[in-house]
Amino acid sequence: MKSLQPVFMEVLEEAVKGGDFAEIFVEEEQNTALTCLNGKVEEATSNMEYGLGLRVYNGFHSVYTYTSDLSKDNLLKMARQAAIVSGGAVGQAADIFVPYVFTDKHPVKEYPADVNKEEKIDVLKRAHKAGAGYSDEITQTRTKITDRDQQVCICNSEGLFVTDRRIYTRLMFEMIASSKNEKQSGYFAPGRHQGFEFVRALDIEELAKEAAKTAVTMLHADVCPSGKMPVVIDKGFGGVIFHEACGHSLEATSVARKASVFHDKLGKMIASPILTAIDDGTISHAWGSTNVDDEGTPTRKNVLIENGVLKSFLVDRLNGRRMGVEPTGSGRRQNYRFAPTSRMNNTFIAGGDDTKEDIFASIDYGIYAKNMGGGSVQPATGDFNFAVLEAYMIRNGKIAEPVRGATLIGKGNKIIKDIDMISEEVVCGQGMCGSVSGSVPVDAGQALLRVKEITVGGRG
Amino acid sequence: MTMDLFREELFKKATEKGFTDFEMSYLLGDTLDIDVFNGSVDSYTDASTVTIDFRGTFNGKMGYATTEKLEADAIDFLLEEAKNNANILETTEESLIFEGSKTYPTLETYNKELEELDIESIIEMLITLEAKVKSLDSRVKNVVYYTFKKIISQNGVANSKDVNVDQAVSQLVIYMSISVEENGQVKSFSDFWYANELERFDVDTFANNIVNKAIRKLRSSSMQSGKYPIVFENRAFASLLDTFSPIFSGEMVVKKLSLLEGKIDTAIANEKVTIIDDPWLEGGLSSTAFDSEGVATFTKPVIKDGVLATYLHTLHSAKMLEAVPTGNGFKSASASKVDVAPTNLYLQGGELSKEALIKDIETGVLITSLSGLHAGANVISGDFSLLSEGFLIENGEITRPIEQITIAGNFFEVLRNIETIGNDLSFILDAVGSPSVRVKPMSISGE
């Protein structure tokens, strides 16, 4: 990419004739996926993504264009067209690029392309064997490994020039338990911003068995009751509650347009006084981390809520302009086809002082949500939902029978006030978050905590 | 490099490399996306992309690879990767490369006039629409998200058995999301319009509809949990059908992940239910003359009068289940392998108006929207539990707006428990459509 610097400089100079800032994002990505169905390799695919996205700012407005044709002629044509459409006053481009050099927080030992496909397949077969062997009721297994090698180059009219190479590796185990009329699944999908060494460090059999156990338990579970009740949400991906209920509403994407319930609440108490929530893009090897965001801004640890008080939003460049605040290293995009906007990286509720034992003991009748699925939110209203994949009743302070099929709903600005007990140990789970700039990898996490009241949408 | 040249080179080298048969499918897309905010163009995206998918049989196994580079070195990447991928497969498949359909339909999916759109006047119209929406009612708080899209694409399939088909598709979409506020309560509503001709768009109709639908949600509150007769408004049911459309997939049946296995020609829904997959629908968002494997498409019922008529198939699932290919083999954006997808899928309308469906309900709920469909629904078991909104029905009439409820059930049960079907068929942007339907009592969770 460095050899293309003169071309990029010319492109930016052309583009900025129609605005005050221009940015280029180039991406070359190879990703592969291997899937075993019932222990047999049945799908092996390889994708190459390749393209360039050009953005021009004119005050608060932007023009975005992208292409897979990186010939100089095409790029210059694109830049001229973008400048015309942007139609702003002629801006200045920097004369030279100043490369931004950083220490890689996510060093890789084994690049995906260097790992033998047989080794990857072996992991999938081991998972199948362990999962299928857990119980006769496990009738299908789907085990998958995906890896992504994304090389990006970001440069802009301010002279920034930065490159990064991001390696993502993720496993997915799905175990399906069946009876005559029913199928239930258990699911586990760990991922890291790391190479195959991450997979080697996992206890594959244990994870597969956990997924199988969930499937079998849910096969025999009763339907979940409905109503408002206290809920204990387990550590790990349960953090998706914050991601949906609150996280999206703190992104400048909606805050800048005053389309978030929290847009005017900076400095105010918006959550329970024991709640501190953080979004941190710097955590080494975490699934949602990057060295720099997709605008070239270094990522950081952003304390969003501290002891209940709203301290910060997540801000990208353009929305930062609208809001009059500095970007927080949160500008992300799925690939070159999307303009970046503010997104989350690794979002979690910090650990607290309560003990797990006390939390369970405090509940006469409620739900223990052990494994969470995904969810969604409408930032303008704060209405959110998320699915519970594995749950248990709590009766008289003790974990009781398993129940299934529950969705937890509420309003984001209320639920964060209703978190009233938080234990110590924070764990994160991995997911893919979808929004206007596409699908990006994120971590969501928390310690086991109690919500004093949530609407549980069961079938019973 | 041109597409034709790329294909020639690719096919030549594929043979040289030892592929016994092979196929290339491509998509050339041009997207124009205009976002308006507060009276001016906020963002403008104009871009073109190319995606080329290759698959070929090597030593009796099918390998896949995809690229976005229309350049010579991508050809080597495709062939090398496909070969490697073929080699590690452990399931041998007979060749799925299609010999071609006898005839291919000619569909009117492309409006040439869209190549030369007057952008200035479109922008003016979009700004007028935004202003109109904001002016219709003082409770309109914000136009939260608002976009105009023009999509033009060309796609085609060619293979070593002399299939060589292509088609052009165009579509205009306007999507808007607004928020309204009264007494501190904020509600939001999204609406959309799509067609192949801009002349069909009416600013006043769209503005009035979106504002009215948003305003009617104000003063929402929750309701008592319980089991209630339910009327799903058309788009709400369409979103549910969309989420559960994989139950009709032949691939799911082959993988033994389907509860509809072995159920062809048996009653799986109320006899009033006919669900159709219609790739020839005029103006349909997913209308197409052929699928990603080059199979000619045709219109067919998936459920007819309550009876399961057919699964939707790829060449692979059709072969495994000894069925006729249905032209439903498509590639999703992120995967290289062909999988089943419906085209324009809809529940056929009945005779009655939505009001007639509500008329004889003493206490029930009209569900107008469902959220969290990607997470709160289990396609394999059919179970769902979803955040919803709607209206309370009392003595045959809509009385008050409801929010913060979930509706829970099982989709297979819902199909059996459909009692009456309305006449107000409407499609959502995923090309799935439904009229309003009335269903036997279901669980609502609220207070």
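The values are calculated or read from the model by the stated rules, or taken from the named source; none is laboratory data. Here the structure is a predicted model, which means the values were calculated and not measured. Glycine also receives a Cβ, built like all others from the backbone with ideal geometry; neighbour counts cover every protein chain displayed.
Being under 30 Å from A:Arg80 (Cα atoms) and more than 8 Å from chain A (Cβ to nearest Cβ), is that true of even one residue in segment B:82-93?
no
Name the single residue that is modelled with the lowest pLDDT among those in segment B:109-127 being surrounded by 11 or more Cβ atoms within 10 Å (Cβ to Cβ) and not aliphatic (A, V, I, L, M).
Here the answer is B:Glu115.
Could you say whether any residue in segment B:370-387 is away from chain A (no Cβ under 13 Å) and touching a strand residue (DSSP E or B) at 6+ places or on another chain (Cβ under 6 Å)?
Scanning segment B:370-387 turns up no residue that is away from chain A (no Cβ under 13 Å) and touching a strand residue (DSSP E or B) at 6+ places or on another chain (Cβ under 6 Å).
Within segment B:379-389, identify whether any single residue is under 27 Å from B:Ile264 (Cα atoms) and surrounded by 23 or more Cβ atoms within 10 Å (Cβ to Cβ), and answer yes or no.
Within segment B:379-389, one or more residues are under 27 Å from B:Ile264 (Cα atoms) and surrounded by 23 or more Cβ atoms within 10 Å (Cβ to Cβ).
Go through (1) within 12 Å of chain B (Cβ to nearest Cβ); (2) within 30 Å of A:Tyr111 (Cα to Cα); (3) not charged (D, E, K, R) one by one and return the number of the condition A:Ala208 breaks.
Going through the list (1) within 12 Å of chain B (Cβ to nearest Cβ); (2) within 30 Å of A:Tyr111 (Cα to Cα); (3) not charged (D, E, K, R), A:Ala208 breaks only (1).
If we only count strands (runs of 3 or more DSSP E) wholly inside segment B:14-108, which ones have 2 or more residues that are free of Cβ contacts under 8 Å to residues at least 60 places away in the same chain and surrounded by fewer than 22 Cβ atoms within 10 Å (Cβ to Cβ)?
Fully inside segment B:14-108 and qualifying: B:40-58.
Mind checking which strands (runs of 3 or more DSSP E) fall wholly inside segment A:1-112 and carry at least 1 residues that are away from every other protein chain (no Cβ under 13 Å)?
By residue number, A:21-37.
Condition check ((1) closer than 26 Å to B:Val36 by Cα; (2) within 28 Å of the chain's Cα centre (by Cα); (3) among the charged types (D, E, K, R)) across all residues:
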{"residue": "A:Thr45", "(1), (2), (3)": "no, yes, no"}
{"residue": "A:Asp69", "(1), (2), (3)": "no, no, yes"}
{"residue": "A:Ala82", "(1), (2), (3)": "yes, no, no"}
{"residue": "A:Tyr100", "(1), (2), (3)": "no, yes, no"}
{"residue": "A:His106", "(1), (2), (3)": "no, yes, no"}
{"residue": "A:Pro112", "(1), (2), (3)": "no, yes, no"}
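Would you please name the residue that is nearest to the other protein chains (Cβ to nearest Cβ), looking only at residues in segment A:246-295 that are within 24 Å of A:Val26 (Cα to Cα) and β-branched (Val, Ile, Thr)?
Step by step, filter segment A:246-295, then rank; the result is A:Thr253.
Report yes if some residue within segment A:123-135 is outside any loop (DSSP other than H, G, I, E, B), within 14 Å of another protein chain (Cβ to nearest Cβ) and either without any contact (Cβ under 8 Å) to a residue 24 or more places away in the chain or of a type in the set (S, T, N, Q) (or both); otherwise report no.
Checking segment A:123-135: not a single residue is outside any loop (DSSP other than H, G, I, E, B), within 14 Å of another protein chain (Cβ to nearest Cβ) and either without any contact (Cβ under 8 Å) to a residue 24 or more places away in the chain or of a type in the set (S, T, N, Q) (or both).
For segment B:163-199, give me the residue count where each residue is assigned to a strand (DSSP E or B), more than 14 Å from chain A (Cβ to nearest Cβ) and not aliphatic (A, V, I, L, M).
Total meeting the criteria: 9.
Within the set of pairs 6+ apart or on separate chains, which have a first residue in segment A:176-204 that is on the phi < 0 side of the Ramachandran plot, a second that is of a type in the set (Lys, Arg) and in a loop (DSSP other than H, G, I, E, B), and C-beta atoms under 7 Å apart?
A:Gly195/A:Lys109; A:Glu197/A:Lys109
Report yes if A:Gly405 is surrounded by fewer than 24 Cβ atoms within 10 Å (Cβ to Cβ), of a type outside the set (A, V, I, L, M, F, W, C), closer than 22 Å to A:Met218 by Cα and at the interface with chain B (Cβ under 8 Å from one of its Cβ atoms), otherwise no.
no
Among the residues of segment A:72-102, which ones are touching a residue at least 40 places away in the same chain (Cβ under 8 Å) and among the polar types (S, T, N, Q)?
Once the filter is applied, which keeps residues that are touching a residue at least 40 places away in the same chain (Cβ under 8 Å) and among the polar types (S, T, N, Q), segment A:72-102 yields A:Ser86, A:Gln92.
If you go through segment A:173-225, how many residues are hydroxyl-bearing (Ser, Thr, Tyr), surrounded by fewer than 20 Cβ atoms within 10 Å (Cβ to Cβ) and within 15 Å of A:His128 (Cβ to Cβ)?
1
Look through segment B:419-447, keep the residues that are closer than 18 Å to B:Lys304 by Cα, hydrophobic (A, V, I, L, M, F, W, C) and surrounded by 22 or more Cβ atoms within 10 Å (Cβ to Cβ), and return whichever of them is farthest from the chain's Cα centre (by Cα).
Applying the filter and picking the extreme gives B:Ile421.
Report, by residue number, each residue of segment B:128-162 that is of a type in the set (D, E, K, R), in a strand (DSSP E or B) and crowded, with 18+ Cβ neighbours inside 10 Å.
Result: B:Lys141, B:Lys150.
Just wondering, is there one or more residues in segment B:343-357 that are buried (at least 22 other Cβ atoms within 10 Å of the Cβ) and within 21 Å of B:Tyr228 (Cβ to Cβ)?
yes
Of all residues being farther than 26 Å from A:Ile283 by Cβ and of a type in the set (S, T, N, Q) in segment A:337-384, which is farthest from the other protein chains (Cβ to nearest Cβ)? Just the residue, please.
Looking at the filtered set, the residue picked out is A:Ser362.
Could you look through segment B:389-411, keep only residues that are polar (S, T, N, Q) and modelled with pLDDT under 95, and pick out the one that is farthest from A:Ser178 (Cα to Cα)?
Among residues in segment B:389-411 that are polar (S, T, N, Q) and modelled with pLDDT under 95, the one farthest from A:Ser178 (Cα to Cα) is B:Gln404.
Would you mind listing the helices (runs of 4 or more DSSP H) fully within segment A:247-366 where at least 2 residues are within 30 Å of B:Tyr146 (Cα to Cα)?
Hits in segment A:247-366: A:252-255, A:317-323.
Say whether the condition of being in a loop (DSSP other than H, G, I, E, B), under 19 Å from the mean Cα position of the chain (by Cα) and of a type in the set (A, V, I, L, M, F, W, C) is met by at least one residue in segment A:214-232.
No.
Hey, can you tell me all the residues within segment B:346-369 that are more than 14 Å from chain A (Cβ to nearest Cβ) and within 29 Å of B:Leu312 (Cα to Cα)?
B:Tyr346, B:Leu347, B:Gln348, B:Gly349, B:Gly350, B:Glu351
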